[in-house]
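Contents: one structure, followed by commentary.
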2 protein chains.
Amino acid sequence: MTDAAPRPTLEAVAARAGVSRATVSRVVNGGDGVRAPLVERVQRAVDELGYVPNRAARSLVTRRHDAVAVVIAEPETRVFADPFFALQLRGISKELTAHDNQLVLLLTEGRDDHTRVGRYLAGGHVDGALVFSLHLDDPLPGLIRRAGVPTVFGGRPGWRDDDERAAVYVDSDNRGGARDAVRHLAGLGRTRIAHITGPLDQTSAADRLAGYRDVMADGDPALVAEGDFTPAGGERAMRDLLDRCPDVDAVFAANDLTASGALRVLRERGRRVPDDVAVIGFDDMLPLAEQTEPPLTTVRQPIEEMGRLMARLLLGSLRHGDARAGGGGGGGGGEGTEPPTGVVLPTTLIRRDSA
Amino acid sequence: MTDAAPRPTLEAVAARAGVSRATVSRVVNGGDGVRAPLVERVQRAVDELGYVPNRAARSLVTRRHDAVAVVIAEPETRVFADPFFALQLRGISKELTAHDNQLVLLLTEGRDDHTRVGRYLAGGHVDGALVFSLHLDDPLPGLIRRAGVPTVFGGRPGWRDDDERAAVYVDSDNRGGARDAVRHLAGLGRTRIAHITGPLDQTSAADRLAGYRDVMADGDPALVAEGDFTPAGGERAMRDLLDRCPDVDAVFAANDLTASGALRVLRERGRRVPDDVAVIGFDDMLPLAEQTEPPLTTVRQPIEEMGRLMARLLLGSLRHGDARAGGGGGGGGGEGTEPPTGVVLPTTLIRRDSA
């Protein structure tokens, strides 16, 4: 029914190279103990025949698949609509490609699919996983833990302290960056500084709200409106804020997409930015942040670099696992060594015209 | 080093359910020959312990992974920038999810990565593959054929006749749709009808050009400019066309992204659309096609439905393989049965304001 031709066998390679099956097998599995001229001869035969070693069988021995799963716990409509994921994937993809590891992106339609994702991870198809965009009540971390694959998380997971201390994650300084943004607005003389949050079941959004509150300790609670990291959410929240607090003179939006929605509503309502209302975003998502009207002052986090670093930490841990256990893949808590904490990267305030 | 807890074993499930290992094993592998109350008891224990069956071992028996790879032969920057892929993935994802199959998206940075993709496909991690956006000189189809996994292609592959006849693919009527567009422009009384192509090493672009030529058989070759399915490519080509043929009075753009770039340049140069220059796109990509200025007349192809259909054909072929060979996964040419040809879906001209 489908397009499949017979696959060249190990025997065919051995015959073409004029060596034994065992020699081909040793070369294909790393070449240990085979003389260089023989290795070359086998590799030529492999290339000529287009032989693809049976990795399923091979990985039963080496326990390595040279593949890393990326799991994004969002419906694929969001994954493709938010450039944040594309940027992190670019960083991950570059790093994995540089180490000849295959990026395996596991998409989910919704929470019901997480069991299936856990099953795939447990199924011996990847050496490790990079997991993003967890929500606080997500069953996915538990499923991943049971799957027993080494994992690095994108963003602080936000679990109970003990579990979190055992988790490896890469995050940016969401709270510190938010503080910088709100202090900058206060420094401009603004006193009615609002915050449009992200979805508060994600630590990135919760931490940015905490940073806002660090500076606005006794602020008016009516100045906080909940958004969802999308432009439409930013529009809704900005409308609510203007209705509730018409004297608002500054907005710290939880990300640039949210800020772009807020800017649209401010323009509609005839408020000048930054004269009447100053606006700051978070991310420094390009080209968006330069193309808003006016160009957006924002808190830069190194998104692509975070992706690279996640991949680097995972690959390092897999190599480490190899060296210790001769097999990798099993993960293991690293008994006797200091459990690694999260890596938190600094943010930078980027001044453009909106604040 | 990383976050991994011990995984509950088959033995633990057997102990909890008060049944033998063999019973648990039979239930986990489909429940054949186990009495209903026992099945329930085992399933409760599985749920309580969060047991995940070892699919690697299981798939050695059943030869099924309940996972399908999607391979897009474009750098991930294009995959995320072009809503076409997001839409097809949505269709695929819905269909696979409905059949509890995991969508495994394999990203590639460039052509050098295709060997690695072939390796992953051959490695026994997926039951089949859906492959998109092939370029004519692409090594990927050969690698996939060698990997021996059942495959459905998105778009006519464009190989030598014999190979193509053996391939299963889903396409839309690119040539017929292009003819409709150009005939519509001619029906408006336009005589200097230009075409901005897509990348001509892809059959979708080549077929749309062929449809344009069907109608403009003795047209001025200077009216054809090469684009690349991106807005930037549409801008470049439109500038060239205006410089070369200032009397151009209509443009058929190979896709909506290209048309959006062409519209921008026409506006810059002070040409009114459709009065001075009528413009038609291809795709009916929403919301883009409704939000261009003016809203875009275009040739609709059912992108999401094409994704669904690809997934449906592949899953059907996998079931078919099961029934015939008791194992599936091996593909096989279907000797003695009629080789399936491509499925070509009709297109529709959608009239808005640009032509």
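Some values worked out for this structure:
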| item | result |
| --- | --- |
| Residue count for segment B:96-115, restricted to those that are farther than 14 Å from B:V131 by Cα and either of a type in the set (A, V, I, L, M, F, W, C) or within 13 Å of the chain's Cα centre (by Cα) (or both) | 2 |
| Members of segment A:174-197 that are touching a Lys or Arg at 6+ places or on another chain (Cβ under 7 Å) and of a type in the set (G, A, S) | A:A178 |
| Per-region count, segment A:95-118, residues more than 7 Å from every other protein chain (Cβ to nearest Cβ) and among the charged types (D, E, K, R) | 3 |
| Residue match in segment B:138-157 (condition: out of contact with any Phe, Trp or Tyr (no Cβ under 8 Å at 6 or more places or on another chain), modelled with pLDDT of 95 or more and either of a type in the set (V, I, T) or under 24 Å from B:H114 (Cβ atoms) (or both)) | no |
| Qualifying positions in segment B:69-94 - closer than 18 Å to B:L309 by Cα and more than 10 Å from chain A (Cβ to nearest Cβ) | B:V71, B:I72, B:F84, B:Q88, B:G91 |
| Within segment A:239-261, tally of residues that are in a helix (DSSP H, G or I) and not β-branched (V, I, T) | 11 |
| Among residues of segment A:142-154, those that are surrounded by fewer than 21 Cβ atoms within 10 Å (Cβ to Cβ) and more than 8 Å from chain B (Cβ to nearest Cβ), counted | 0 |
| In segment A:275-317, the residues that are surrounded by fewer than 20 Cβ atoms within 10 Å (Cβ to Cβ) and small (G, A, S) | A:G316 |
| Given (1) modelled with pLDDT of 90 or more; (2) under 19 Å from A:P302 (Cβ atoms), number of the condition A:Q102 does not satisfy | (2) |
| Some residue of segment A:98-111 being more than 27 Å from B:E95 (Cα to Cα), surrounded by 21 or more Cβ atoms within 10 Å (Cβ to Cβ) and among the acidic types (D, E) | no |
| Members of segment B:119-141 found to be facing chain A (nearest Cβ under 7 Å) and surrounded by fewer than 24 Cβ atoms within 10 Å (Cβ to Cβ), listed by number | B:R119, B:A122, B:G123 |
| Among residues of segment B:266-317, those that are within 23 Å of B:A178 (Cβ to Cβ) and in a helix (DSSP H, G or I), counted | 11 |
| Criterion: under 25 Å from B:D112 (Cα atoms) and either among the charged types (D, E, K, R) or at pLDDT below 90 (or both) - qualifying residue of A:R78, A:R90, A:R119 | A:R90 |
| Residue that is closer than 25 Å to B:G154 by Cα and modelled with pLDDT under 95, where the choices are B:E304, B:E226 | B:E304 |
| Tabulated pairs, segment A:139-163, first of a type in the set (F, W, Y), second at pLDDT 80 or above, C-beta under 6 angstrom, 6+ apart or interchain | A:F153/A:V131; A:F153/A:A167; A:F153/A:Y169 |
| Complete set of residues in segment B:266-319 that are more than 14 Å from chain A (Cβ to nearest Cβ), closer than 18 Å to B:T230 by Cα and among the aliphatic types (A, V, I, L, M) | B:L266, B:V279, B:I280, B:A289, B:L296, B:V299 |
| Members of segment A:201-238 that are within 21 Å of the chain's Cα centre (by Cα) and either in contact (Cβ under 8 Å) with a residue 60 or more places away in the chain or part of a loop (DSSP other than H, G, I, E, B) (or both) | A:D201, A:Q202, A:T203, A:R208, A:G227, A:D228, A:F229, A:T230 |
| Verdict on B:F252 being of a type in the set (F, W, Y) and either without any contact (Cβ under 8 Å) to a residue 40 or more places away in the chain or within 22 Å of B:Q88 (Cα to Cα) (or both) | no |
| Some residue of segment B:285-293 being within 30 Å of B:T151 (Cβ to Cβ) and in the same structural domain as B:P231 (by TED's automatic domain parsing) | yes |
| Residue in segment A:186-194 that is among the basic types (K, R), part of a loop (DSSP other than H, G, I, E, B) and modelled with pLDDT under 85 present | no |
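The values are calculated or read from the model by the stated rules, or taken from the named source; none is laboratory data. What you see is a predicted model; the values in this text were computed from it and never measured. Cβ atoms come from the backbone with ideal geometry, glycine included; neighbour counts cover every protein chain shown.
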